[in-house]
Amino acid sequence: MTDYISRFTPAGNLFIPRMFQGFPEIKEALISDKIQAGFVVAPLAIALRSQGVPIRIVYLGHRYGSAVVVRNDSAITDFAQLKGKIIAIPSRFSDERLILNRVIKKFKLDVNDFKMVEMAPPDVAGALAARAIDAFSMGEPFPSQAEMGGFGRVLFHAREHWPDYMSCVLIVRDDIIEKRPDAVQALVDGIARSGLWLDDGRPNREHAADFVGRFYYNQDPRLLTWALTNPLNRVTYTPLSPYKPDFDLVRDLMIETKLLDSTIEFHEYVDTQFAEKTDGLSPWRYVPGSSRAE
Amino acid sequence: MSDIKRLVLILFGWTSLVTALHLGLNVDWSVVLNDRMPEDKRKLYVAYIPVT
């Protein structure tokens with residue numbers, strides 16, 4: 001989003017987006033300095049930092065946009081009915097796993113009754129259709145893909161059990177924060193302005209679905225249109241500043257589920273200096289044109 | 001033109017064509033050029049996966 005729109009700004013694009021198919025590959029690329037920043041799920045970012053990887057969370061990618069999906073023809077209408085079933089998650093270190101733990105706890109169920117398997121996000125819809133799994137907990141557009149394909153049904157959206165839910169966060173290597181704070185600020189500002197632009201109404205979202213689907217995700221734009229507009233608040237892009245209570249909750253759930261063996265404080269893994277400067281920014285002045293972007 | 005000369009020319013042409021296609025289709029020139037910039041002028045590589 002930010003990359004596409006900033007191409008039309010006088011400053012031009014300031015970074016090169018690189019698509020990966022899974023979070024482990026992003027982690028390795030960050031450690032080896034092949035990439036300097038990236039979007040990963042929040043628990044993975046916290047775990048990386050606690051393991052000594054020199055990165056910090058500087059901003060969020062979005063809020064909400066994750067759902068638990070079951071097969072359309074299954075009789076499952078209640079979370080407890082997933083006992084004994086196979087549920088795919090993107091990573092042990094993901095909010096999509098933590099939301100399951102949260103709901104399991106809420107319904108006073110036993111986590112050992114659920115079989116969670118890690119699966120690359122692009123594979124889950126196919127696995128559900130092929131009956132290799134019974135459900136998945138994943139970010140958009142994969143719940144939308146299952147719904148559009150007619151073989152999946154949303155059991156619940158993350159927002160129903162986790163107010164202010166967040167999933168992907170922007171992490172940046174420490175050396176870049178130290179040596180090139182202006183570049184990091186430009187990136188964060190661009191994401192903030194993209195978020196404001198996206199939350200400015202349906203035409204912007206439809207236009208974004210078109211160019212992101214074709215030029216970045218290599219997905220059918222109709223799929224992203226579904227994910228971004230059905231309903232409009234299915235995924236939200238404001239506010240994206242990292243708030244301590246949100247991260248304390250994630251960290252505590254990580255300790256509870258043994259993803260972390262010791263506590264780590266907010267200021268140790270989040271750098272708020274860039275987010276603090278986004279107050280007062282305005283949406284990109286980019287007018288959505290025809291349904292097909294150039 | 002001898003057969004040997006003709007064969008060498010064909011091989012040279014074929015190799016040049018495949019090399020040119022490879023450089024055009026498989027090499028990300030934005031990355032190559034960016035990596036040659038001074039460190040403080042380089043664009044940042046930002047990773048994402050095709051999820052919201």
Once phi is turned into θ = phi - 60°, what whole-Hz ³J(HN,Hα) does the Karplus curve with 6.51, -1.76 and 1.60 give for every residue of segment A:222-229, x standing for Gly and Pro? 5, 5, 5, 4, 4, 5, 8, 10
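Pairs to check: A:Lys179/A:Lys244; A:Lys83/A:Lys108; A:Lys27/A:Lys115; A:Lys85/A:Lys105; A:Lys34/A:Lys277. Give those whose C-alpha atoms are more than 20 Å from each other in this structure.
Numbers: A:Lys179/A:Lys244 25 Å; A:Lys83/A:Lys108 12 Å; A:Lys27/A:Lys115 25 Å; A:Lys85/A:Lys105 17 Å; A:Lys34/A:Lys277 28 Å.
Among A:Lys179/A:Lys244; A:Lys83/A:Lys108; A:Lys27/A:Lys115; A:Lys85/A:Lys105; A:Lys34/A:Lys277, the Cα-Cα distance tops 20 Å for A:Lys179/A:Lys244; A:Lys27/A:Lys115; A:Lys34/A:Lys277.
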Using only Cα atoms, what is the ratio of the radius of gyration of segment A:64-159 to 2.2 N^0.38 Å? 0.94
Long-range HN-HN contacts of A:Ile55 with modeled amide H, under 5 Å: A:Asp174
Just A:Trp197, A:Trp226, A:Trp162 to compare: in a GNM of chain A, with alpha carbon springs under 10 Å, which one fluctuates most? A:Trp162
Rounded, prolate or oblate: which one fits segment A:84-216, using the alpha carbon gyration tensor with axes a ≥ b ≥ c (rounded when a/c is under 1.5, else prolate when a/b beats b/c, else oblate)? prolate
Report the calculated FRET efficiency for A:Arg18 and B:Leu11 (r = Cβ-Cβ distance, R0 = 41 Å), to the nearest 0.05. 0.65
In terms of the alpha carbon gyration tensor, root eigenvalues a ≥ b ≥ c, rounded if a/c is under 1.5 and otherwise prolate when a/b exceeds b/c or oblate, segment A:153-215 is oblate
Globularity ratio of segment A:1-127, using Cα Rg and 2.2 N^0.38 Å: 1.29
If packing is taken as the average count of other Cβ atoms within 10 Å, what order do A:128-137, B:1-10 fall into, highest mean first? A:128-137, B:1-10
Segment A:211-246 and segment A:265-287: distance between their alpha carbon centers, rounded to Å: 18 Å
Peptide A:139-149, shielding by other chains (average Cβ, 10 Å cutoff): 1
How well do other chains shield peptide A:18-27, expressed as the mean number of their Cβ atoms within 10 Å of each residue Cβ? 3
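State the percent of C-alpha pairs, over all pairs in chain A, separated by a distance greater than 35 angstrom.
I get 16 percent for the Cα pairs in chain A exceeding 35 Å.
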Post the alpha-carbon centroid distance, segment A:1-79 to segment A:179-193, in whole angstrom. 16 Å
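Return the equivalent ellipsoid semi-axes of segment A:124-177 as a descending list in whole Å, where each equals the square root of 5 times an eigenvalue of the C-alpha gyration tensor.
Working through the eigenvalues yields semi-axes of 29, 15, 9 Å.
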One finds, for A:Val287 and A:Asp220 with R0 = 22 angstrom and r their Cβ-Cβ distance, a FRET efficiency to the nearest 0.05 of 0.35
Karplus couplings for segment A:65-82 from phi (6.51 cos²θ - 1.76 cosθ + 1.60, θ = phi - 60°), rounded to Hz, Gly and Pro as x? x, 10, 8, 9, 10, 10, 5, 4, 8, 7, 8, 6, 10, 9, 4, 4, 6, 7
Quick one: Kirkwood hydrodynamic radius for segment A:149-294, alpha-carbon pairs, angstrom, one decimal? 17.7 Å
Less than 15 Å from a label point 7 Å out along the Cα-to-Cβ axis of A:Glu276: which backbone N atoms in segment A:216-245 qualify, by residue? A:241-244
Just to check I understand the Karplus step: with θ = phi - 60° and J = 6.51 cos²θ - 1.76 cosθ + 1.60, what whole-Hz values come out for segment A:86-103, glycine and proline as x? 8, 10, 7, 10, x, 6, 4, 8, 9, 5, 5, 7, 5, 5, 5, 4, 5, 6
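Mind running the shape call on chain B? Use the C-alpha gyration tensor, a ≥ b ≥ c as the square roots of the eigenvalues: rounded below 1.5 for a/c, prolate if a/b tops b/c, oblate otherwise.
Details: a/c = 8.82, a/b = 2.59, b/c = 3.41.
Oblate shape, in that a/c is at least 1.5 and b/c is the bigger or equal ratio.
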Among A:Thr263, A:Thr236, A:Thr225, residue whose mean-square fluctuation peaks in a GNM of chain A (springs only between Cα atoms under 10 Å): A:Thr263
Averaged over its residues, how many other protein chain Cβ atoms are within 10 Å of peptide A:30-38's Cβ atoms? 3
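Values quoted throughout were computed directly from the atomic coordinates according to the rules given, and no laboratory measurement underlies them. Here the structure is a predicted model, which is why all the values come from computation and not from measurement. Cβ coordinates were reconstructed from backbone atoms using ideal geometry, including for glycine residues, and neighbour counts include every protein chain displayed.
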